[in-house]
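Report on the structure given below.
Bear in mind these aren't lab numbers, they're just calculated from the coordinates by the rules spelled out. What you are looking at is a predicted structure, and each value in this text was computed from that prediction instead of being measured. Neighbour counts run over all protein chains shown; Cβ positions are idealised from the backbone, glycine included.
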């Protein structure tokens, strides 16, 4: 790969040979050989498969060769209640869950992973190509949304998209160990943004809040999260705007101002980039599913 020799453990070599030539292998070629060795041998990834029908759990478990994607542990749960306990105990890298289950739904599990560690990737499986469910899933950071019947190719492609992200995040996490001050700063800034999304969130303001030089804060945030501060702020504001459109009767220009924007054209552009529709279309979609609201 043009990066110099890299030594791997024997078991690592076996797994690298197993994935060689697959779509996952091609995705990994863009990274260093050290990254591949870390992915194949240094990691112990877990996947949790959840459905209220056990036959569906078994179907997903057998649909692809999980070990070839780096998952040496496949956890299963019949229903969301058991899955909730397994999530807390094992903190799997990947959660695959049906969206509709009694008591604890797939959306409940998705929300829990987002609030607890934020590192678990989520693939939602639904029997419905439903705007309402897809919209809620997006708010909880769900990575993929598959509609039943789940085909082998669709599941494989979804996993192939997510594995490099999971591995990159783990490498990043290991690099951050021992740097608790930076981690605490990022957590504080994220909390500050979530609580003050409607106010001025310029770099100068955030730097003052964190007692850091604005340029340094921007760089640290990007290094820790792989996301620009401005992108994170926009994401928080758009998610809050969607929530206000769903849960209140505020007019769209009122929602816009509440989440920190003054120009309707700019607000609509950012909203479309996030959700694929304008605020007006979003609210009309809610009406189509029995919601109400003012445009």
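Assuming R0 = 25 Å, what is the FRET efficiency of residue 228 and residue 258, from their Cβ-Cβ distance, to the nearest 0.05?
Using R0 = 25 Å, I get an efficiency of 0.60.
Given the Cα-Cα distance of residue 114 and residue 100 and 0.36 nm per residue of separation, how much length would full extension add, in nm? Present the calculation step by step, with values, prior to reporting the outcome.
Values: separation 14, 0.36 × 14 = 5.04 nm, distance 1.83 nm.
The span from residue 114 to residue 100 would gain 3.2 nm if fully extended.
How would segment 43-175 be classified by its alpha-carbon gyration tensor: rounded, prolate or oblate, with rounded meaning a/c under 1.5 and the a/b versus b/c comparison settling the rest?
rounded
Applying a 10 Å radius around every beta-carbon, put 201-212, 155-166 in order of their mean neighbour count, most first.
155-166, 201-212
Subtracting the Cα-Cα distance from 0.36 nm times the residue separation, let me have the gained length for residue 58 to residue 152 in nm, one decimal. Can you show the working numbers first?
Working: separation 94, 0.36 × 94 = 33.84 nm, distance 1.34 nm.
Answer, rounded to one decimal: 32.5 nm.
Based on the mean of other beta carbon atoms within 10 Å per residue, what is the order of 235-241, 194-200, 119-125, most packed first? Write out the running numbers ahead of the final one.
Values: 235-241: 20.4, 194-200: 13.1, 119-125: 23.0.
Highest mean packing first, the order is 119-125, 235-241, 194-200.
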